[in-house]
1. Could we say that Tyr169 is open to solvent by 60 Å² or more (accessible area, probe 1.4 Å), hydroxyl-bearing (Ser, Thr, Tyr) and either at negative phi or free of Cβ contacts under 8 Å to residues at least 40 places away in the same chain (or both) here?
2. Restricting the search to the range 166-176, which residues are over 14 Å from Lys120 (Cβ atoms) and touching a strand residue (DSSP E or B) at 6+ places or on another chain (Cβ under 8 Å)?
3. Has the range 183-191 got at least one residue that is in contact (Cβ under 8 Å) with a residue 24 or more places away in the chain, open to solvent by less than 20 Å² (accessible area, probe 1.4 Å) and more than 14 Å from Phe46 (Cα to Cα)?
4. Could you please let me know if Gly17 is at pLDDT below 95 and either of a type outside the set (Lys, Arg) or farther than 15 Å from Arg184 by Cβ (or both)?
5. Applying the selection to the range 128-147, what residues are surrounded by 15 or more Cβ atoms within 10 Å (Cβ to Cβ), within 14 Å of Glu107 (Cα to Cα) and free of Cβ contacts under 8 Å to residues at least 40 places away in the same chain?
6. Tally the residues that are open to solvent by 60 Å² or more (accessible area, probe 1.4 Å) and under 15 Å from Trp54 (Cα atoms), restricting the search to the range 153-166.
7. From the list Thr121, Thr105, exactly one residue is open to solvent by 70 Å² or more (accessible area, probe 1.4 Å), in contact (Cβ under 8 Å) with a residue 24 or more places away in the chain and among the β-branched types (Val, Ile, Thr). Which is it?
8. Taking the range 108-118 as the region of interest, how many residues are open to solvent by less than 70 Å² (accessible area, probe 1.4 Å) and either without any contact (Cβ under 8 Å) to a residue 40 or more places away in the chain or closer than 26 Å to Ile87 by Cβ (or both)?
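The values are calculated or read from the model by the stated rules, or taken from the named source; none is laboratory data. Since this is a predicted model, take the numbers as computed values, not measurements. Note that each Cβ is placed from the backbone with ideal geometry, even for glycine, and that neighbours are counted across all protein chains shown. Keep in mind that these areas ignore ligands, DNA and RNA; they rest on the heavy atoms of the full protein, side chains included. Shrake-Rupley method; radii C 1.70, N 1.55, O 1.52, S 1.80 Å.
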Amino acid sequence: MKVMRKMEALVDGKNRGFKVGDRIHVGKYYTATCQKVGKNGAIFMFDQYLNKAWMMNLKETNEGGYEASDLRRYLKEFATGSMFDEIREMMVPFKKTWDLLRIPTAEEMFGPEEAHELYKTLSVKKQWPLMKDRHNRLAFCGEDQNLAWGWLQNKCKDFDSHFAVMNYYGGKGHYSARAAIGVRVVFRLLV
């Protein structure tokens, strides 16, 4: 018989001991689950989309990718919000951009082989272990708690104005950069 156990643990100081599957509270309304633990920290992703849907870009383009997007600029500002006060000292910037927050990639959600079919690939090499189960890719948005679509960093191969998205049943898709859809925040904490 397999037993899955959830228990509360206090992590602080130098012995944080995060493990894949650990869930923490961020601010008053959100939880985040540890997706990966490595030498540079533990990567967490919100379990919910932000309460407000956002466009990737105000203009109908994917030029410059996620790094040049209006959504990225918004997340840089969002990272300064008080909801992160409790974990701010543990937050570690991502090396490539030095941002404290980002959104996931198609490779992290679906794996590199599946992501390559529709999207321009990024440097991520592996799918997060929890994302192998489609149920973990699903997320709710807003107060009505409806399943929603959400942005991924990758540009679409066949459309100059589209980015990768996670659809509401955990599958691959793409959407116009001007569409307002869900944003699932990713951040890294010291281990």
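1. Judged against the criteria, Tyr169 is a match.
2. Answer for the range 166-176, where residues must be over 14 Å from Lys120 (Cβ atoms) and touching a strand residue (DSSP E or B) at 6+ places or on another chain (Cβ under 8 Å): Met166, Asn167, Tyr168, Tyr169, Gly173, Tyr175, Ser176.
3. no
4. Yes.
5. Arg137
6. Final tally of qualifying residues: 0.
7. Thr121
8. Of the residues in that region, 4 qualify.
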